[in-house]
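The values are calculated or read from the model by the stated rules, or taken from the named source; none is laboratory data. Keep in mind the model is a prediction, meaning the values are calculated, not measured. Glycine gets a Cβ as well: all are built from the backbone with ideal geometry, and neighbour counts include every protein chain shown. When the accessible area is computed, the model is the full protein with side chains, heavy atoms only, and any ligands, DNA or RNA have been set aside. Shrake-Rupley method; radii C 1.70, N 1.55, O 1.52, S 1.80 Å.
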Amino acid sequence: MRSLFCIAPVIVLSWSISLPVLAETRLAQVFEQAWQRQPAAAALAERERGVAAQMRAASAWTATPPSLELATRSDRFNQRNGAQEHEVGLVLPLWLPGERSSSQALAEAEGQALNGREQSLRLRLAQLFRETWWNWQLAENESALAGERVNAARRLRDDVARRFAAGDLSRADLNQAEGALAQSQALQAEALAQQLTASYRLESLTGQPVDTANVQPEPVPAGAATRHPALQALQARLEVARRNVDLARAQTRANPEIALSTRRDRSATGEPVDQTWALALRIPFSSGPRQDARVATANAEAIELGIELEREQERMTRETAAVQLQLAAARQQLSAAEQRRRLALENRGFYEKSFRLGESDLPTRLRIESEAFEAERALGRTRIALALTISQLRQSLGLLPE
């Protein structure tokens, strides 16, 4: 008669855990693929061309392109005496005092703002990319562990089934082994679903599948970037706003115009043709309230950006300090997880021996194996959490993926 809790002295449940291999592939390679897919990257060349054109316009001799004036008069539709008059003129819009230099300074600031915008967008994408990347690595690790657990549970179930058929183990032992296998399969299905979701999110950024065979975390930063891209972008926008204020103050009125023209006319048929020359200057009145509105709007933008820059500097300082504390905590967690794994593996060896000697039962053995699995899982998650924290520290310092 089979005993309900019969000892099986030769059943061994173990597996080999495959933690993520962090070796050769750098995040910078994959990040560059993600950046090239961004709309901002595709439009960058045209934006640069626009800034270059703005600089050329600000360096021109006239405020706006010259214009040609043509006029003619004749009495052929009424008196028909042969009177004719033709006039040709060239109109040159003039710069206001200080307007040209202010326009040039604004164009240069726009160029710096474009560069700062590109770096800021890169860093913003880097934040999303880093989170997506390490979540994907975590899902890959969970899926690999779940697969190993299923294989181990299946081997155990097969061993128990053979011993049950031989009469060495009870139906309860076989049911426990079947239940452990079913549980591991359910966990594997959940892990695979999370892995597919994380993979799709990463591929939506990179546009193609990513090789997970050789991946290494980012290096710990030695120091901050020379200038944080987000602060650089805000500083550039602030400079643009200040140059807009200077330009608005210089544009007190519409641009004056100087016109050079010549006129050829005759009073009747047979009369001699006379030619005269004219030089004219048109000076518009001051725009008054309209200029005040432009100056006030530009001033408001500069004030807002200046305060935003100060607040952003404060926020980044606090964020960097907080991430550094998180990094120290992550290292302590990794040390604890490694110790937990070492102890769990030792306990598994002890209980393997005691199980073979008949000193422990199958439920205890299953519990010890489960604890060893959880220790391996915790170690893998902690290693990835440490790599993510390093990436977050680099993000807070304004460093792109490496």
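Counting only trypsin sites (Lys or Arg not before Pro) that are in a DSSP loop and have at most 11 other C-beta atoms within 10 Å, tell me the longest site-free stretch of the chain.
No qualifying site falls inside 81-402, the longest such stretch.
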With label points set 7 Å from each Cα along the Cα-to-Cβ direction at Leu343 and Arg73, the distance between them in nm comes to 10.7
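Taking 0.36 nm per intervening residue step and subtracting the Cα-Cα distance, what contour gain separates Glu374 from Asn151 on full extension?
Numbers: separation 223, 0.36 × 223 = 80.28 nm, distance 1.57 nm.
Between Glu374 and Asn151, full extension yields an extra 78.7 nm.
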Summarise the accessible area of the chain (1.4 Å probe, protein heavy atoms) by the percent that is carbon and sulfur.
52
Can you work out the accessible area per residue across the chain, with the rest of the protein chains kept in place, probe 1.4 Å, in square angstrom?
56
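Please label the shape of segment 68-139 as rounded, prolate or oblate, based on the square roots a ≥ b ≥ c of the eigenvalues of the alpha-carbon gyration tensor (a/c under 1.5 means rounded; beyond that, a/b larger than b/c means prolate, else oblate).
Working: a/c = 12.07, a/b = 3.24, b/c = 3.73.
Here segment 68-139 falls in the oblate category.
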Placing +1 on the Cβ of each Lys and Arg and -1 on the Cβ of each Asp and Glu in the chain, which of Val323, Pro363, Trp95 has its Cα farthest towards the positive end of the resulting dipole?
Pro363
Can you compute the FRET efficiency between Gln275 and Arg56 using 1/(1 + (r/R0)^6), with r the Cβ-Cβ distance and R0 = 30 Å? Round to the nearest 0.05.
0.25
Would you be so kind as to identify all helices of the chain, as entire DSSP H runs, whose Cα atoms reach 27 Å or more along the helix's own axis and whose mean Kyte-Doolittle hydropathy is at least 0.5?
none
Please turn the phi angles of segment 274-287 into ³J(HN,Hα) values with the Karplus equation 6.51 cos²θ - 1.76 cosθ + 1.60 (θ = phi - 60°), one per residue in order, whole Hz, x for glycine and proline.
9, 10, 10, 10, 9, 10, 10, 10, 10, 10, x, 6, 5, 7
Which entry is the computed Cα Rg over 2.2 N^0.38 Å for this structure: [x] 0.94; [y] 1.01; [z] 1.81?
[z]
Rounded to whole Hz, the Karplus (6.51, -1.76, 1.60) HN-Hα couplings of segment 81-94, x for glycine and proline:
8, x, 6, 9, 8, 10, 9, 10, x, 10, 10, 10, x, 9
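Given the Cα-Cα distance of Glu314 and Phe285 and 0.36 nm per residue of separation, how much length would full extension add, in nm?
5.8 nm
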